[in-house]
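Okay, so here's the structure we're looking at.
The values are calculated or read from the model by the stated rules, or taken from the named source; none is laboratory data. Predicted model only: the values in this text are computed from it and were never measured. Here the Cβ is made from the backbone with ideal geometry for all residues, glycine too, and neighbour counts use every protein chain on show.
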Amino acid sequence: MRTSSSLRLLTGTSLGALLAVSAGCASHADFIDLRAQMQDVARAQNQAQRQQDAIQRRLQALEVAPTPRAVPSAEGSKEVAALRLQLDDLTAKLKDLEGRLARLEGPPLAVLPRPESTTGEPSRQSKPVRVPELQERGPVMPGTPDITPTSAYNLAYNDYLNGKYELAVTGFQRYLKDFPNSSQAPSAQYWLGESYYNLKDYVRAIQAFERVVNQYPHSERVAPALFKMGMAAAETGDRPRARGLLKRVIEEYPTADEAKLAKNKLAEIR
């Protein structure tokens with residue numbers, strides 16, 4: 001099972017918790033408990049993201065009609081409706097988890113105890129003191145306040161789900177630039193291609209999907225990327241290339257959902 005980079009970042013410490021411990025306001029046990037809570041929230045976030053991606057892929061499979069006149073069955077329509085409800089629930093759950101994570105991480109400012117004055121005058125250090133960020137918190141998106149890889153991915157993905165494809169393109173491009181080695185990079189690259197595809201920019205869509213295949217050959221995104229490359233090639237009128245890509249899906253990934261879709265599309269474009 002893949003582990004999101006956000007989980008690795010959260011194995012460090014919360015700045016707010018460390019400040020409380022250093023000031024004598026919390027015990028070591030409290031600190032350990034808070035760190036465990038953060039890890040639990042991150043795991044729940046990762047699981048919800050995987051479920052969200054799986055449902056989105058299933059919806060795509062159901063909504064790609066095998067022929068122009070194909071009408072979805074009653075059972076298929078019910079499944080689509082049920083999946084959309086699940087998708088809405090997961091989106092709400094992810095927003096709730098992000099809020100919980102922000103609350104657990106705590107604010108970057110803390111009031112530290114004032115030193116005893118040796119002159120009998122009150123100390124001038126009465127304002128909150130900013131403590132440098134802990135290195136264990138890991139990288140954040142440059143130019144934005146404390147955006148983790150998970151948050152950046154969710155922002156772009158939610159734009160995609162809401163049909164804001166141009167914003168999704170910008171978000172996924174920024175994500176891939178700032179977090180190229182994260183575990184969600186293959187998914188970000190794939191959804192970048194889907195965003196271009198929905199914008200009918202098929203040339204850029206093919207380029208994005210090609211990167212999935214070439215840069216992440218062992219990712220679960222390869223089969224759907226090859227299939228969508230074939231679909232995009234067909235849209236550009238390059239039928240020989242489209243047939244070659246669709247046949248590759250069938251031959252190399254015969255058990256994938258995309259294999260059946262590829263067979264239907266091949267029968268349509270011959």
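Brief remarks on what is shown
- Filtered residues of the stretch 247-270 (kept if of a type in the set (A, V, I, L, M, F, W, C), free of Cβ contacts under 8 Å to residues at least 24 places away in the same chain and under 17 Å from Pro217 (Cα atoms)): Ile250
- So Ser182, is it surrounded by 20 or more Cβ atoms within 10 Å (Cβ to Cβ), touching a helix residue (DSSP H, G or I) at 6+ places or on another chain (Cβ under 7 Å) and modelled with pLDDT under 95: yes
- Selection over the stretch 211-235 of residues that are farther than 21 Å from Asp201 by Cβ and not in a helix (DSSP H, G or I) gives a count of 5.
- Considering the stretch 221-244, the residues that are farther than 19 Å from Asn198 by Cα and in contact with a Lys or Arg (Cβ under 9 Å, 6 or more places away or on another chain) include one that is surrounded by the fewest Cβ atoms within 10 Å (Cβ to Cβ), namely Arg239.
- Only one entry in Ala259, Ala208 is surrounded by fewer than 24 Cβ atoms within 10 Å (Cβ to Cβ) and either in a helix (DSSP H, G or I) or at pLDDT 95 or above (or both), namely Ala259.
- In the stretch 177-199 there is no residue matching the filter, namely being among the aromatic types (Phe, Trp, Tyr), part of a helix (DSSP H, G or I), touching an Asp or Glu at 6+ places or on another chain (Cβ under 7 Å) and in contact (Cβ under 8 Å) with a residue 12 or more places away in the chain.
- Boolean, Ala233 is under 27 Å from the mean Cα position of the chain (by Cα), closer than 17 Å to Val213 by Cα, at pLDDT 95 or above and among the small types (Gly, Ala, Ser): yes
- Residues in the stretch 218-228 that are over 19 Å from the mean Cα position of the chain (by Cα) and either among the basic types (Lys, Arg) or more than 18 Å from Ala54 (Cβ to Cβ) (or both): 2 in all.
- Looking only at residues of the stretch 236-247 that are more than 23 Å from Ala188 (Cβ to Cβ) and assigned to a helix (DSSP H, G or I), we find that the one that is nearest to the chain's Cα centre (by Cα) is Leu246.
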